[in-house]
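Quick notes on the structure that follows.
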Amino acid sequence: MNLFQALGRRALFSLDPETAHGVSIMALKNGLLPPCPAVSDPRLAMNLAGLDFPNPVGLAAGYDKNAEVADAILKLGFGFTEVGTITPRPQPGNPKPRLFRLIEERGVINRLGFNNEGHAAALNRLEARRNRPGIAGVNIGANKDSEDFVADYVQGVKTFSHLASYFTVNISSPNTPGLRNLQAGEALERLLGEVFEARETARRQPPVFLKLAPDLDKAAVQEIAKVINRTELDGVMISNTTLSRHGVEHHRHAGEAGGLSGQPLFERSTVMLARFREALDARFPLIGIGGVCDGKTAWAKFEAGASLVQLYSCMVYEGPQIARDICRDLVARMDREAVSSIGEITGRKTAEWAARDLEN
């Protein structure tokens with residue numbers, strides 16, 4: 001057990017989850033956490049959507065909601081980071097309490113509701129780090145009370161195109177009523193069409209990824225894939241949090257509304273990843289999200305079809321050195337199995353994962 005697990009986690013877990021999150025952001029802003037030098041191994045590096053990733057382990061959106069600590073996160077050994085979700089106007093999110101730890105299961109339930117300071121605040125911070133090294137994507141969303149969700153995404157592209165390493169179009173949160181409806185047929189076509197139109201007229205044309213939910217049946221996967229296969233998307237992220245409570249039904253927080261993430265999400269999100277890998281054209285790389293806690297779970301995501309992985313909830317339990325630890329695990333396993341690149345294992349167990357049944 002490392003120092004964080006022995007002391008830091010105990011101190012943070014004595015606090016309300018949102019308070020603990022704020023404390024960790026302040027610690028990063030003030031340089032109170034020592035950097036974790038990235039694992040340097042050319043076998044971990046890859047080029048995807050025109051971006052050079054030093055390693056395939058990224059921090060997902062939801063932690064650095066307001067683009068406050070992108071550079072500090074990259075110094076923790078992550079290959080890339082993602083700020084947001086950012087909406088055009090500031091919004092407070094849902095009433096508190098809205099964040100719950102499931103400690104024994106290493107899970108989190110949240111119904112935060114895109115709480116953030118809005119485009120203007122994030123823009124100022126990203127302008128301040130302009131031209132610094134490292135990949136920092138921008139996760140864009142819609143205000144809860146917006147009359148036109150699509151217009152909010154378009155505004156996000158226009159606002160951040162000159163600064164974002166890439167965009168994530170997040171239509172997968174369960175905590176904004178009606179948002180997941182954008183995953184269906186004509187609505188998805190309209191959304192992506194207008195996003196790409198906005199990108200074409202922007203100062204820069206960053207890659208665009210689409211983030212999807214894990215709560216989709218096989219028919220929905222096929223319908224969404226048909227739309228995506230006709231688009232200019234640069235990649236697909238699978239997945240956001242789940243409404244399922246499978247595996248945590250008896251936890252005292254299981255009845256809380258919101259999305260479940262962390263280790264309990266691993267199987268569902270990985271099955272969904274594999275199903276999309278089978279349904280999508282090979283030209284679309286996938287980013288695997290959900291339950292990535294160590295080298296073993298990251299490896300499984302790659303085998304299921306991912307080219308990159310992201311995590312957030314498991315950092316709550318494993319500590320800020322998690323990206324470095326995962327990369328060390330990956331390198332050690334690549335040594336043992338004589339693997340020369342992540343691409344060599346990507347998708348080699350897609351069919352096996354896609355065939356698994358999912359319980360609600």
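The values are calculated or read from the model by the stated rules, or taken from the named source; none is laboratory data. What you see is a predicted model, and the numbers here were worked out from it, not measured in a lab. Here Cβ is always computed from backbone atoms with ideal geometry, including for glycine, and neighbour counts include all displayed protein chains.
Scanning the stretch 123-156 for residues that are part of a helix (DSSP H, G or I), buried (at least 22 other Cβ atoms within 10 Å of the Cβ) and touching an Asp or Glu at 6+ places or on another chain (Cβ under 9 Å) yields a total of 1. Inclusion of LEU28 among residues that are within 28 Å of GLY235 (Cβ to Cβ), out of contact with any strand residue (DSSP E or B) (no Cβ under 9 Å at 6 or more places or on another chain) and either modelled with pLDDT under 90 or not aromatic (Phe, Trp, Tyr) (or both) is warranted.
Per the listing LEU311, LEU330, LEU280, the residue uniquely touching a Gly at 6+ places or on another chain (Cβ under 6 Å), at pLDDT 95 or above and at negative phi is LEU330. Inside the stretch 250-267, residues that are in contact with an Asp or Glu (Cβ under 6 Å, 6 or more places away or on another chain) and either part of a loop (DSSP other than H, G, I, E, B) or among the basic types (Lys, Arg) (or both) make up a count of 0. Listed by position, the strands (runs of 3 or more DSSP E) inside the stretch 38-119 whose residues that are among the basic types (Lys, Arg) and within 19 Å of the chain's Cα centre (by Cα) number at least 1 are 99-102.
Would you check if ARG328 is surrounded by fewer than 17 Cβ atoms within 10 Å (Cβ to Cβ), under 23 Å from LEU212 (Cα atoms), within 23 Å of the chain's Cα centre (by Cα) and not small (Gly, Ala, Ser)? So ARG328 fails the test. State all residues of the stretch 189-229 that are touching a residue at least 12 places away in the same chain (Cβ under 8 Å), of a type in the set (Gly, Ala, Ser) and closer than 30 Å to ASN110 by Cβ; if no residue qualifies, say none. Scanning the stretch 189-229 gives ALA198, ALA213, ALA220, ALA225. Tell me, which residue of the stretch 74-110 that is over 22 Å from GLY141 (Cα atoms) and among the aliphatic types (A, V, I, L, M) is surrounded by the fewest Cβ atoms within 10 Å (Cβ to Cβ)? Out of the qualifying residues, it is ILE103. Restricting attention to the stretch 63-120, the residues that are hydrophobic (A, V, I, L, M, F, W, C) and either within 20 Å of LEU51 (Cβ to Cβ) or in contact with a helix residue (DSSP H, G or I) (Cβ under 6 Å, 6 or more places away or on another chain) (or both) add up to 13. Within the stretch 321-357, if we keep just the residues that are in a loop (DSSP other than H, G, I, E, B) and of a type in the set (Gly, Ala, Ser), the residue that is farthest from MET46 (Cα to Cα) turns out to be ALA355.
Among the conditions (1) of a type outside the set (Lys, Arg); (2) part of a loop (DSSP other than H, G, I, E, B); (3) in contact with a Lys or Arg (Cβ under 7 Å, 6 or more places away or on another chain), the only one that GLY288 does not satisfy is (2).
Mind listing just one residue for me: the one in the stretch 284-301 that is under 13 Å from PHE266 (Cα atoms) and not small (Gly, Ala, Ser) and, of those, surrounded by the fewest Cβ atoms within 10 Å (Cβ to Cβ)? Looking at the filtered set, the residue picked out is LYS296. Identify the residue in the stretch 309-320 that is of a type outside the set (Ser, Thr, Tyr) and part of a loop (DSSP other than H, G, I, E, B) and, among all such residues, is surrounded by the most Cβ atoms within 10 Å (Cβ to Cβ). Out of the qualifying residues, it is PRO320.
Which count do you get for residues in the stretch 333-353 that are surrounded by 19 or more Cβ atoms within 10 Å (Cβ to Cβ) and among the hydroxyl-bearing types (Ser, Thr, Tyr)? Here the count works out to 2. The residues in the stretch 195-229 that are among the charged types (D, E, K, R) and either more than 28 Å from LEU243 (Cβ to Cβ) or crowded, with 19+ Cβ neighbours inside 10 Å (or both) can be counted, and the count is 7. The set of residues from the stretch 150-187 being over 16 Å from the mean Cα position of the chain (by Cα), more than 24 Å from ARG203 (Cβ to Cβ) and not charged (D, E, K, R) comprises THR176, PRO177, GLY178, LEU179, ASN181, LEU182, GLN183, ALA184, GLY185, ALA187. Quick one: in the stretch 268-283, which of the residues that are touching a residue at least 12 places away in the same chain (Cβ under 8 Å) and outside any helix (DSSP H, G or I) is surrounded by the fewest Cβ atoms within 10 Å (Cβ to Cβ)? For the stretch 268-283, the residue satisfying everything is ASP281.
When GLY258 is tested against the conditions (1) surrounded by fewer than 24 Cβ atoms within 10 Å (Cβ to Cβ); (2) at negative phi, the lone failure is (2). Just so you know, in the stretch 230-249 the residues that are in a loop (DSSP other than H, G, I, E, B) and free of Cβ contacts under 8 Å to residues at least 60 places away in the same chain include one that is surrounded by the fewest Cβ atoms within 10 Å (Cβ to Cβ), and it is GLU249.
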